[in-house]
């Protein structure tokens with residue numbers, strides 16, 4: 001079994017790593033975690049703009065149609081960066097709901113995630 005990243009996955013990994021190194025310094029993270037929201041709306045919007053929130057959303061719903069390996073690439077780098085944004089709940093868990101939920105709920109949540117809007121699962 002081949003566990004090497006594809007060229008696209010390596011580009012994605014490098015992109016996330018570069019974002020964290022350039023835009024996510026520890027001192028800023030420490031201040032952000034103390035804010036009322038607990039994460040940066042600016043960083044969240046950047047993640048949406050870069051397509052990371054729509055990585056596993058089907059293409060017919062304005063996503064990129066990625067798979068679990070793509071999610072793994074994102075999660076590995078975001079975990080290394082200790083990000084505060086609700087990526088797992090909004091982009092990973094919600095994407096799973098899209099695939100198994102009813103069509104109308106799935107459509108609404110997919111469009112929210114693709115637009116970079118946090119999705120609350122409660």
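Read the figures in this text as sums done on the coordinates, not as results from a lab. In this text the structure is predicted, and so the values were computed from the model without any measurement. Backbone-built Cβ (ideal geometry, glycine too); neighbour counts: all protein chains shown.
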(request) Scan (1) touching a helix residue (DSSP H, G or I) at 6+ places or on another chain (Cβ under 9 Å); (2) farther than 19 Å from residue 113 by Cβ; (3) loosely packed, with under 15 Cβ neighbours inside 10 Å for the single condition residue 13 breaks and write down its number. (result) (3)
(request) Report, by residue number, each residue of the range 25-58 that is loosely packed, with under 15 Cβ neighbours inside 10 Å and under 17 Å from residue 11 (Cα atoms). (result) 49
(request) Just one of (1) surrounded by 13 or more Cβ atoms within 10 Å (Cβ to Cβ); (2) closer than 20 Å to residue 12 by Cα trips up residue 61, so point out which. (result) (2)
(message) Just checking, does the range 68-81 include any residue being outside any helix (DSSP H, G or I), buried (at least 21 other Cβ atoms within 10 Å of the Cβ), touching a residue at least 40 places away in the same chain (Cβ under 8 Å) and touching a helix residue (DSSP H, G or I) at 6+ places or on another chain (Cβ under 9 Å)?
(response) no
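For the structure I just gave you, tell me whether residue 29 is part of a helix (DSSP H, G or I), more than 12 Å from residue 87 (Cβ to Cβ) and in contact (Cβ under 8 Å) with a residue 12 or more places away in the chain.
Values: part of a helix (DSSP H, G or I): yes; more than 12 Å from residue 87 (Cβ to Cβ): yes; in contact (Cβ under 8 Å) with a residue 12 or more places away in the chain: yes.
When the stated conditions are applied, residue 29 passes them.
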